[in-house]
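In what follows, a structure is listed as structure tokens, so that the remarks can point back to it.
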Amino acid sequence: MDENITEKESAEPSDVQQASDGEGGKENKKGGDTKIGLTLRILVSAYVLYLAYGLIEGFGETAGNDRIFIAIAIVVFIAAGGAILILSAKKLIRKEYVDADGQAEDNEKR
């Protein structure tokens, strides 16, 4: 009889884990990017590129050891801002986003 209780106890956590991974995760998480989300990403990436430009302008005024850190920051800001801008703009242009109703936009829908 103790063996049955042990089997039930060991089976319950896996059932609970499967239920939370299966249904619970899908209800709280959207299936894709929205048009507003992509637009906000483009705006934020443009601001990050603007910050990189500001760092480039002030680069000549910095002292020795600070130049290394500012150069690293400039490279990171340009790489991250540029990548997010390009990827988000590409998805927005190709209409690879979810509309307000939760359905994916299709190029062939008219």
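Coordinate-derived values only; no laboratory data. Note that the structure is predicted; figures quoted are calculated from it, not measured.
Amide H to amide H, with H built 1.01 Å from N, Thr34 comes under 5 Å of Val98, counting only residues 5 or more places away or on other chains. The HN-Hα couplings worked out from phi for the stretch 39-47 by the Karplus form 6.51 cos²θ - 1.76 cosθ + 1.60 (θ = phi - 60°) are 5, 5, 4, 5, 5, 5, 5, 5, 5 Hz, whole numbers, x standing for Gly and Pro. If the segment from Ala89 to Ala63 were pulled out straight at 0.36 nm per residue, it would be longer than the present Cα-Cα gap by 5.6 nm.
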